[in-house]
1. Near Lys226, within a Cβ-to-Cβ distance under 14 Å, what is the net charge of the other residues, with Lys and Arg +1 and Asp and Glu -1?
2. Report the local net charge at Ala72: Lys and Arg +1, Asp and Glu -1, summed over other residues whose C-beta lies under 15 Å from its C-beta.
3. Read phi for every residue in the stretch 175-186 and hand back ³J(HN,Hα) as whole Hz from Karplus 6.51 cos²θ - 1.76 cosθ + 1.60, θ = phi - 60°, with x for Gly and Pro.
4. Using only alpha-carbon positions, what ratio does the radius of gyration of the stretch 179-254 give when scaled by 2.2 N^0.38 Å?
5. What ³J(HN,Hα) values, in whole Hz, does the Karplus curve 6.51 cos²θ - 1.76 cosθ + 1.60 give for the stretch 75-91 when θ = phi - 60°, with x put for Gly and Pro?
6. State the antiparallel share, in %, of DSSP beta bridges confined to the chain, rounding to the nearest 5.
7. Over the chain, with a single point scatterer placed on each C-alpha, what log10 of the ratio I(q)/I(0) does the Debye formula yield at q = 0.07 1/Å?
8. Starting from the amide H of Phe249, placed 1.01 Å from N in the peptide plane, find each other amide H under 5 Å away whose residue is 5 or more places distant or on another chain.
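Derivation of every value follows stated rules applied to the coordinates shown; laboratory data play no part. Remember, it's a predicted structure, so these values are computed and weren't measured experimentally. A quick note on method: Cβ atoms are made from the backbone with ideal geometry, for glycine too, and the neighbour counts reach across all protein chains shown.
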Amino acid sequence: MSVRDTILSRLKATLNQPDLPFPPQDSDPLTQAERMTVTHAPGDRWAQAERFAQELNAVKGSCELLETETEARLSIISRLQLWQEEEQSARKTANAERAGDWDVLCWPLHQLQIESLPLILKEMGFKLIEPTDLHDPEQRERIRSIRAGITTVEAAFASTGSFVVGGRGANARAASLTPFRHLVVIPFSKLFATGEDWLAQMRFAGQLDAFVRQSRNLSIVTGPSKSADLEGILTMGVHGPKVVHAILFDDVHE
């Protein structure tokens, strides 16, 4: 008998024991809602935004909740300026600024959903970089040292503080994965109580199949990148951004 067969035999024997605490005896069947939903976030859009912020903070991210698009635009500019100042002050040389320090890796510009934001950022001295082909070695080298990225989302989930990125555009997820700092802009219209609610809406609108087929990659992000070794020592920013800051703003006005 092979090792695999031995392991499977032991598992079957264990599962056949009559005194196991699982599954419960004579349990009521799950309803459709119970099968499909493992998390819950009650309340209106603002309550869900507050829940999103709470969950994101719990996993070492940070968040702002704003009432208008104008406030969101100002906050984005202020956040990028703050990060740029932090980068400069952290360097040890007398002339710390380098070429590319004001570059921002960007989600496809027309999808950022903040009016005039690309133009204003350019006027403030930031150069927005939107790669078109990451198979090109020159473009890969161009974005390698960029320290900040800005994206919007396909959807965000209040119950877990998670968001979905990378659905549209061949290189859309590069801005959320490559830089040291990720600034994610989330309009309330893209905020859902749970992932199940988002999928249900997409199914109801008849959009889910086409969306999945047209998406090169979908990533569900929950806070900064984290990894731990065998001793449980947590390290931030190993496989992605070390800093994730979300700006949620009310574009619904219920």
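1. +1
2. Taking every Cβ under 15 Å from that of Ala72, the sum is -3.
3. 6, 9, 10, 6, x, 5, 10, 10, 9, 10, 9, 10
4. The reported ratio for this selection is 1.42.
5. In residue order, the calculated couplings are 5, 4, 4, 4, 5, 5, 5, 4, 5, 5, 5, 5, 4, 5, 5, 7, 8 Hz.
6. Rounded to the nearest five, the antiparallel share is 30 percent.
7. The Cα Debye sum returns log10 ratios of -0.33.
8. Leu66, Ile186, Phe188
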